[in-house]
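Everything on this sheet refers to the single structure shown next.
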Amino acid sequence: MISKKTRKKKHKRNIPLTIYIILLIAATVMVSIWGGAFSYVIFYVFLSYIPLSLLYMVYSMLFLNIYQETEHRMINKNVSDKYNLIIENSGILPIGGIKFLYDKEISSFKVDFTKDSFSLSFMEKQEINTEMTCLLAGSIDAGVKEYQLQDMFGMMKIRRKVKIPIRVHVLPLIRKLTGDDIRLINERKEKGNRFSINMPEDNLGNDLRKYAPGDSLNSVHWKNYARTGQMFVRLPEKQEIDMLCIALDTDIMDGTLEKLRQRDKYLEYLASIGEYFGIMNKPLVIYYYNVGVKYYLIDSPASFRVFYTEMTENIGHKNAAGHAADVIAEANSRYGSTIVFKEEGCELTKEYGY
């Protein structure tokens, strides 16, 4: 159902065209009744207005140049970044009635210049500086997406997409995992993946082997040497760790708002899981597809930071479509228990490998 506000806007847009049609009919009647040079001049002025206006708008599209950029290509969600828009008239005729449009669900501007109409004289260039905030995470086209041109009296309007949109990588928000989130992850991994690793060399255990040239003297078991006269070294202590393995099943991005929101939610949950394991120094391996199956190992705050800053560029790439089975197979070939994280529905499911 069309609202009263929408109907009112539509009515206002139709006023100039209605007036033009009335004037054209009046000019036609005047030519038919009175004739004469003046009547014909008026008639042909009104008759030629629409084709001339169309030619003018085509000219404007050809000679209007639009450039836009942000200070950084990688920005955080809900954090403003410097934005610069340049419009230029490269032709010999002035261009007027320029308006800009953007998707308010994806980005916002500190100063909303899209409410204004811009005009450019011969070879003129204008620059607009403000700040832009991206509202969804992922690799997205932000900023101005379309521009609008109109004739002198606003009877005809043409919208065109900007040739070069801004492609930015927006890092997701990170939330603290709830107790339910952690319990769900533990339930899904179930069997677990246990590995024996060597502790740092200064954390020596009780296992011994004969000394070999090049071994550190700090690892020599001196008490045993004093007792037996033979040199043995202590081996680093081994510890079992439980590693979580996640295989990513990303969805196809079609640019719709629904898919962009889905990707935003997916990346936020994935980043939150990664931060939890990084801070807790628990090992987490994440398999994904980007021109082949690849993985990230997160086991510290530093390794999480690497993953976090690269995730929007590498995870969910368009070439990953149809390769979920490859990612899962590779993860299952290395780990006995794998959690599949599906983007559709943001769902964690179990897989067993080996």
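Just so you know, all these numbers are worked out from the coordinates, no wet-lab data involved. Predicted model only: the values in this text are computed from it and were never measured. Cβ placement follows ideal geometry from the backbone for every residue including glycine, while neighbour counts extend to all protein chains displayed.
Values for this structure:
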| quantity | calculated |
| --- | --- |
| Residue among Gly96, Gly278, Gly179 with the largest mean-square fluctuation in a Gaussian network model of the chain, springs linking Cα atoms under 10 Å | Gly179 |
| With eigenvalues of the C-alpha gyration tensor scaled by 5 and rooted, the stretch 285-354, Å | 19, 16, 12 |
| Helix-only [θ]222 nm of the chain, DSSP H runs n ≥ 4, -39500 (n - 2.57) each, per residue, nearest 500 | -11500 deg cm²/dmol |
| Choice from Thr28, Thr228, Thr18 with maximal GNM fluctuation in the chain (Cα, 10 Å cutoff) | Thr228 |
| With Cα atoms, 0 to 90° folded angle of helix 301-314 axis to the chain main axis | 40 |
| Cα centroid separation - the stretch 295-333 against the stretch 83-156, whole Å | 37 |
| Helix 324-334 vs. the chain, principal-axis angle (Cα, 0 to 90°, nearest 10) | 10 |
| Paired Rg and Dmax values of the chain, which use every Cα atom, in angstrom | 33.0, 132 |
| Computed label-point distance, nm, for sites Ile66 and Arg167 using a 7 Å Cα→Cβ extension | 1.9 |
| Dimensions (Å) - the stretch 270-309, Cα atoms, principal axes, largest first | 30, 18, 15 |
| Where the Cα pairs of the stretch 36-88 fall when distances are cut into 10 Å bins, in % | 18, 23, 19, 17, 12, 8, 3 |
| Two-site label geometry, Ile86 and Thr18: point separation in nm, points 7 Å out along Cα→Cβ | 4.4 |
| Globularity ratio of the stretch 105-153, using Cα Rg and 2.2 N^0.38 Å | 1.42 |
